[in-house]
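The structure appears right after this line, and notes come after that.
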Amino acid sequence: MIDDTLQAVRSNDQLIAGVARQENILAINAKIEAARAGDLGRGFSVVANAINELSQQTGTAAVQISESVDNLANWVLEIAEESQNIAAQAAEVIDKATESDVNLSQLQSTLKTSQGQMSKIAADIAHMRNAVARFGPSVTDIDSSIQETTEGISVARARTDRLVDIA
């Protein structure tokens, strides 16, 4: 599940990067078109609409990234709750084992099972820690990409406004 979520984050990050590149190209084309049209700026409206559509796609990608991050956070919380439940169950089994010598053999079997579960939990926690550690740079990259995209959009809109004023 973590791998799927991380893949979704990477995919959305690639989408944002692609949109940002397209916005830059369209901004350049908008400048060229406006220069060609002179005062009339006839072709500029088409390019401006395309820039607007790309801005909407960038916003959609940002929402998708947010949803992916939320999904991962929810999954990590579920694992933590399950770990607490299993730890509580193991403690209860140990408490009951001291109540009766008759249940000693059953307790040993239960403890072996619990020990295996704890090892699995420890392995899962180690896996989760590694995944979270690998996810950190992705979040940083996503944040940087979002900031760059936001800055690109601001620059593109400012340029668009200037071109509209010039037109």
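The values are calculated or read from the model by the stated rules, or taken from the named source; none is laboratory data. Everything quoted here is computed from the prediction, not taken from an experiment. Note that each Cβ is placed from the backbone with ideal geometry, even for glycine, and that neighbours are counted across all protein chains shown.
Structural remarks
- With respect to being assigned to a helix (DSSP H, G or I), modelled with pLDDT under 80, within 20 Å of the chain's Cα centre (by Cα) and not acidic (Asp, Glu), ALA73 fits the description.
- Residue check for ASN85: surrounded by fewer than 18 Cβ atoms within 10 Å (Cβ to Cβ) and either at pLDDT below 75 or over 18 Å from ILE146 (Cβ atoms) (or both): yes
- Scanning region 131-151 finds one or more residues that are more than 13 Å from the chain's Cα centre (by Cα), of a type in the set (S, T, N, Q) and surrounded by 12 or more Cβ atoms within 10 Å (Cβ to Cβ).
- Being surrounded by 10 or more Cβ atoms within 10 Å (Cβ to Cβ) and either under 18 Å from the mean Cα position of the chain (by Cα) or modelled with pLDDT of 80 or more (or both) is a description that applies to ILE166.
- One residue stands out among those in region 31-63 that are of a type in the set (D, E, K, R) and at pLDDT 70 or above: the one that is nearest to the chain's Cα centre (by Cα), which is GLU53.
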